[in-house]
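What follows is a short report on a single structure.
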Amino acid sequence: MVKKAAQSILLCGFMGCGKTSVGQALSFRLKWDFLDTDTMIEKREGISIPEIFERFGEQEFRRMEMEVASQLGRRKNTVISTGGGFLTQEKTVQALRESANGFEAIVLLDCSFETCYQRIKNSDRPLVKNNTKEQLEEIFIKRQLQYRRVADVVILNEGIVSATVEQILREIPVL
Ligand code: S3P
């Protein structure tokens with residue numbers, strides 16, 4: 001349970017855990033804005049995430065994520081869906097914390113690897129294209145620790161979206 005009222009709620013978790021659908025439903029429920037860090041990067045660069053990976057490489061994409069993180073803290077009344085690797089980068093977490101000043105609440109949407117995998121296996125996400133199922137599962141396992149280190153609350157998202165939204169609202173006070 002988070003004690004301080006949050007001005008922004010960030011959703012993190014592995015690809016396919018439901019950050020976008022839960023984020024949109026949560027923002028609708030709160031009448032807050034909705035942002036997606038991947039969409040922000042795509043808009044800024046004018047090309048898609050797969051193209052960014054192809055042209056500039058993953059490292060450059062992570063740098064872009066960090067830049068976006070430093071702007072997120074100024075957002076009020078906003079639900080933010082983050083890319084699956086966003087909060088696994090120390091510098092990105094630091095940039096977010098510095099700009100948000102403690103008014104952000106981070107929610108980990110918990111989901112089994114198999115559920116995530118079934119949702120992402122046919123997508124054009126670079127990590128999915130460039131890794132086998134076994135390699136993705138290794139990344140999944142490693143990231144669980146990283147997500148849990150930054151998350152204020154962990155919410156299971158294996159059922160219906162509206163139930164997840166209500167569970168988040170029970171755990172996080174908002175103004
Ligand atoms: C990534 C997840 C993607 C996107 C990029 C890298 C990752 O976002 O940011 O392809 O490293 O897990 P979603 O989690 O929204 O699919």
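Any read-out appearing in this document is the output of simple, stated calculations on the displayed coordinates, not a laboratory observation. Computed from a prediction, not measured in an experiment: that's the story for all the values here. Because the Cβ atoms are built from the backbone with ideal geometry, glycine has one as well, and the counts that use them run over all protein chains shown.
Less than 5 angstrom separates the built amide H of residue 6 from those of 174, 175, all sequence-distant by 5 or more or on a different chain. Can you give the charge dipole size of the chain about its Cα centre, rounded to the nearest 20 debye, using +1 on the beta carbon of Lys and Arg and -1 on the beta carbon of Asp and Glu? In debye, rounded to 20, the chain gives about 480. Spatially close Lys pairs in the chain, defined by Cα atoms under 18 Å apart and a spacing of eight or more places or different chains, total 9.
When the charge dipole of the chain is built from unit charges on Cβ atoms (+1 for Lys and Arg, -1 for Asp and Glu) and taken about the Cα centre, the candidate among 159, 50, 117 whose Cα reaches farthest toward its positive end is 159. Annotation: amide H-H contacts under 5 Å for residue 110 (H modelled 1.01 Å from N, sequence separation of 5 or more, or interchain): 155, 156, 157. Shown for the chain: cysteine residues without a partner Cβ closer than 4.7 Å, namely 12, 116.
With semi-axes defined as the square roots of five times the eigenvalues of the C-alpha gyration tensor, the equivalent ellipsoid of the range 74-134 measures 28, 13, 10 Å, largest first.
Pairwise inverse Cα distances across the range 1-64, averaged and inverted, put the Kirkwood hydrodynamic radius at 13.7 Å. The smallest convex shape that holds all Cα atoms of the chain, its convex hull, gives 104 Å³ per residue. Across the range 38-44, rounded Karplus estimates of 3J(HN,Hα) from the backbone phi angles (6.51 cos²θ - 1.76 cosθ + 1.60, θ = phi - 60°) give 5, 5, 4, 5, 4, 5, 4 Hz, Gly and Pro being marked x.
Kindly identify the range 106-150 as rounded, prolate or oblate by the Cα gyration tensor criterion: order the square roots of the eigenvalues as a ≥ b ≥ c, call it rounded if a/c is under 1.5, otherwise compare a/b with b/c, prolate if a/b is larger, else oblate. It is prolate, given that a/c is not under 1.5 and a/b is the larger ratio.
Annotation: peptides 128-139, 152-163, 68-79, ranked by per-residue average of other Cβ atoms within 10 Å with the highest first, follow the order 68-79, 152-163, 128-139.
Phi angles across the range 114-128 convert, under the Karplus curve 6.51 cos²θ - 1.76 cosθ + 1.60 with θ = phi - 60°, into 3J(HN,Hα) values of 4, 4, 4, 4, 4, 7, 10, 4, 9, 8, 9, 4, x, 5, 6 Hz, Gly and Pro given as x.
Remark: the range 96-104, residue by residue, has Karplus-estimated 3J(HN,Hα) of 5, 4, 5, 7, 8, 6, x, 9, 9 Hz, where x stands for each Gly or Pro and the curve is 6.51 cos²θ - 1.76 cosθ + 1.60 at θ = phi - 60°. Normalised by the number of residues in the chain, the average gap of Cα pairs under 8 Å and 6 or more apart makes the relative contact order 38 percent.
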